1. Residues being touching a residue at least 60 places away in the same chain (Cβ under 8 Å) and buried (at least 16 other Cβ atoms within 10 Å of the Cβ): count how many of those fall in segment 11-41.
2. If we scan segment 49-59, do we find a residue that is part of a loop (DSSP other than H, G, I, E, B), surrounded by 13 or more Cβ atoms within 10 Å (Cβ to Cβ), in contact with a Phe, Trp or Tyr (Cβ under 6 Å, 6 or more places away or on another chain) and in contact (Cβ under 8 Å) with a residue 12 or more places away in the chain?
3. I'm checking my understanding of the structure. Among residues of segment 37-48 that are assigned to a loop (DSSP other than H, G, I, E, B) and of a type in the set (D, E, K, R), which one is nearest to L155 (Cα to Cα)?
4. Give I106, I90, I113, I78 a once-over and let me know the one that is more than 14 Å from the chain's Cα centre (by Cα) and crowded, with 20+ Cβ neighbours inside 10 Å.
5. Name the single residue, out of those in segment 140-194 being closer than 20 Å to K120 by Cα and of a type in the set (A, V, I, L, M, F, W, C), that is surrounded by the fewest Cβ atoms within 10 Å (Cβ to Cβ).
6. Just to verify a result, which residue in segment 116-139, among those that are in contact (Cβ under 8 Å) with a residue 24 or more places away in the chain and more than 13 Å from the chain's Cα centre (by Cα), is surrounded by the fewest Cβ atoms within 10 Å (Cβ to Cβ)?
7. Six or more apart or on different chains, Cβ under 7 Å: which pairs go from a residue in segment 164-189 that's closer than 15 Å to Y132 by Cα and touching a residue at least 40 places away in the same chain (Cβ under 8 Å) to one that's surrounded by fewer than 16 Cβ atoms within 10 Å (Cβ to Cβ) and among the β-branched types (V, I, T)? Could you list them?
Amino acid sequence: MQAPINKTIPKVIENEVLKALSFYPELRETQIDFVFKRNIKRSVMQAQPKIGTMFGTKRGYNINISALFRLTTSAIPIHQIPQDIMVGWIGHELGHVMDYENRDVIGMMRFGIGYLFSTKYIQQAERVADTYAVNHGLGSYIVKTKHFILNHASLSEKYKSKIARLYLSPDDIMELVRKLEAAQLNAQKKEDQE
C-alpha cells in the first residue's frame, strides 16, 4: 500500500497509519504529517494543527509520535508496540483531527487555551476524540489500546491514572459501540420497511 500524496508517514508505522486512516475517508484530502519526536511531554502522541495553515481554507496537521514508548525502567521503540494498539492510538489522534476540522479559527483558539489551562477541558477533548474514533468504526482498536495502557505492568501508575481520569474507560467505549450498533440496526430496519 502506498502512502497518499498529502500524508507524510514514517515507513516503520506506515501499515498502522494507513489502517487507521482507512476509517476516516473524510480526511483523505487533509494534509497530515506523522512525525517522530524524541520526547513529547506527558504524552505518547499528540495531534496539532500546523499554525501556518490555521487561517487558510485547508488546514494541515502534525501528529507527533514519541519515538520511544517509555516504561518505568526502560523504553521500547514505538513501532514495536502491537499493530492493533498502534491503530487504536493513531485512530484516537485522528479523532482529534476530525474535531479540529469542525472548528473555526476562534474555536481552535478557544480549544488551545482550554487545553492548556483546564483539566476538565482536556477530559472533554479526549473523550470527544475517542467518540469520533468509535463512531468511525475503531471501537475494538480503542478498547485494546485502553486495556494495553491500563494493564501494562511496566507503565507508571501516574500515567495509568491520567489515562483513567481523562479518557473514556473501556466500558464507556463498549457502551458507545453498543449504542452505535443499535442505532445502525434501527436505521437498517426503517430502511427495510420502506
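What follows is calculated from the coordinates using simple rules that are stated; it is not laboratory data. Bear in mind the structure is a predicted one, so any value in this text is a computation, not a measurement. Neighbour counts are summed over all protein chains in view; Cβ atoms, including those assigned to glycine, are modelled from backbone coordinates with ideal geometry.
1. The qualifying residues number 11.
2. Pass one, segment 49-59, residues part of a loop (DSSP other than H, G, I, E, B): 50, 54-59.
Next, only the ones that are surrounded by 13 or more Cβ atoms within 10 Å (Cβ to Cβ) stay: 50, 54, 59.
Still in the list and also in contact with a Phe, Trp or Tyr (Cβ under 6 Å, 6 or more places away or on another chain): none.
No, the conditions are met nowhere in segment 49-59.
3. Quick first cut of segment 37-48, residues assigned to a loop (DSSP other than H, G, I, E, B) only: 38-44.
Pick out the ones that are also of a type in the set (D, E, K, R) and you get 38, 41-42.
On the way: R38: 18, K41: 15, R42: 12 Å.
In this case the residue turns out to be R42.
4. Working: I106 fails: crowded, with 20+ Cβ neighbours inside 10 Å; I90 fails: more than 14 Å from the chain's Cα centre (by Cα); I113 fails: crowded, with 20+ Cβ neighbours inside 10 Å.
None of the others qualify; the one that does is I78.
5. A164
6. T119
7. none
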